[in-house]
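Asks: Structure provided below as structure tokens; questions to follow.
The values are calculated or read from the model by the stated rules, or taken from the named source; none is laboratory data. Computed from a prediction, not measured in an experiment: that's the story for all the values here. Using ideal geometry, Cβ is built from the backbone for each residue, glycine included, and neighbour counts are taken over all protein chains shown. What goes into the accessible areas is simple: the full protein's heavy atoms, side chains included, and nothing from ligands, DNA or RNA. Shrake-Rupley method; radii C 1.70, N 1.55, O 1.52, S 1.80 Å.
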Amino acid sequence: MSKIIACIDGSPGTHTVCDYAAWFSHKLNAPLELLHVIDAPKAQAPQDLSGAIGFGSRETLLQEQVELEERKGKIEIKHGKVLLEEAGKYLLHKFNLKTYSFQRRGSLLETVVALEEDIRVLVMGKHGTQTELRPDKIGTQIENVVRAIYKPVLIATSPFQTPQSFLVAFDGSPTARKCIEQIASSPLLKGLAAYLVYVGQPSQEIQNQLSWAKEQLESQGFTVTTNTQDGEVDKSIMSYAALHQINLLVVGAYGHSKIRQFFIGSTTTRLINRSTKPVLLLR
């Protein structure tokens with residue numbers, strides 16, 4: 001059965017990740033699993049101490065270093081188990097939702113790719129432990145994960161608000177059209193008011209594209225509002241969302257590319273960086 005996977009790292013946004021994961025779990029009637037990944041230790045070149053201390057002392061120091069790494073690894077495992085246990089208690093108390101939790105050692109990217117077949121929605125915090133003090137930066141893991149998997153990824157931001165509406169940044173591209181088709185054919189966002197917003201010079205072609213998108217969603221029971229805006233895409237989208245009290249932004253993620261710039265510096269990245277709303281990325 002497809003599952004909601006929530007990535008837990010102990011950052012201040014952990015409860016928000018749990019909240020959105022619980023919302024998806026209830027909405028999709030899908031089990032929720034909590035994932036904590038411990039980074040694999042990075043290999044370090046041994047320091048050359050010859051000529052500084054004797055052979056016996058070097059052996060002793062190397063042994064102590066090995067023991068220190070072992071203790072550090074055990075502490076990280078124990079810390080992760082505590083994080084998962086506390087998150088599980090939080091979800092049980094707040095949502096009466098029982099969860100399964102598991103740990104992995106290695107990279108988050110490799111772990112998520114291995115689990116992709118079982119993922120219904122992946123929920124990640126916008127700020128990991130490395131970026132929690134930088135509100136204008138997304139977590140370092142997000143780009144790599146979004147590039148690698150084809151399942152919906154929610155980038156959660158605090159505080160949690162139960163989604164009542166969503167905004168699709170629609171530009172008429174094949175990616176945007178596929179995004180509309182996914183929304184129309186899935187229970188993922190059913191029951192929420194839909195806003196389709198195009199930013200740029202209006203044209204008959206864009207109006208036709210917006211009409212097509214509106215018809216696709218209305219045929220599946222969505223209440224749809226369309227709008228065209230002028231200006232910078234990310235700023236216009238965020239201003240419109242704030243004005244209409246929209247709870248969730250939806251954008252099409254990009255496909256694989258040998259050029260990193262397809263994501264870094266893109267409108268999608270700027271939108272995620274600057275948004276105070278959660279962003280749902282669809283492939």
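Asks: Nearest 0.05, what FRET efficiency do LEU62 and ILE38 give at R0 = 22 Å with Cβ-Cβ as r? List each step's numbers first, then the result.
Replies: Details: r = 24 Å, r/R0 = 1.07.
Efficiency for this residue pair is about 0.40.
Asks: At a Förster distance of 35 Å, what's the computed FRET efficiency of SER266 paired with ILE206, Cβ-Cβ distance as r, to 0.05?
Replies: Once the sixth-power term is evaluated, E becomes 0.95.
Asks: Taking 0.36 nm per intervening residue step and subtracting the Cα-Cα distance, what contour gain separates SER219 from PHE102 on full extension? List each step's numbers first, then the result.
Replies: Working: separation 117, 0.36 × 117 = 42.12 nm, distance 4.03 nm.
Length gained between SER219 and PHE102: 38.1 nm.
Asks: Given a 1.4 Å probe and every protein chain left where it sits, what share in percent of the accessible area of the range 139-240 is carbon and sulfur? Can you show the working numbers first?
Replies: Values: 2100 of 4650 Å².
Here it works out to 45 percent.
Asks: While we're on this one: Could you calculate the FRET efficiency of VAL82 with ASP230 from 1/(1 + (r/R0)^6), where r is the beta carbon distance between them and R0 is 51 Å, rounded to 0.05?
Replies: Values: r = 50 Å, r/R0 = 0.99.
With R0 = 51 Å, the Cβ-Cβ based efficiency is 0.50.
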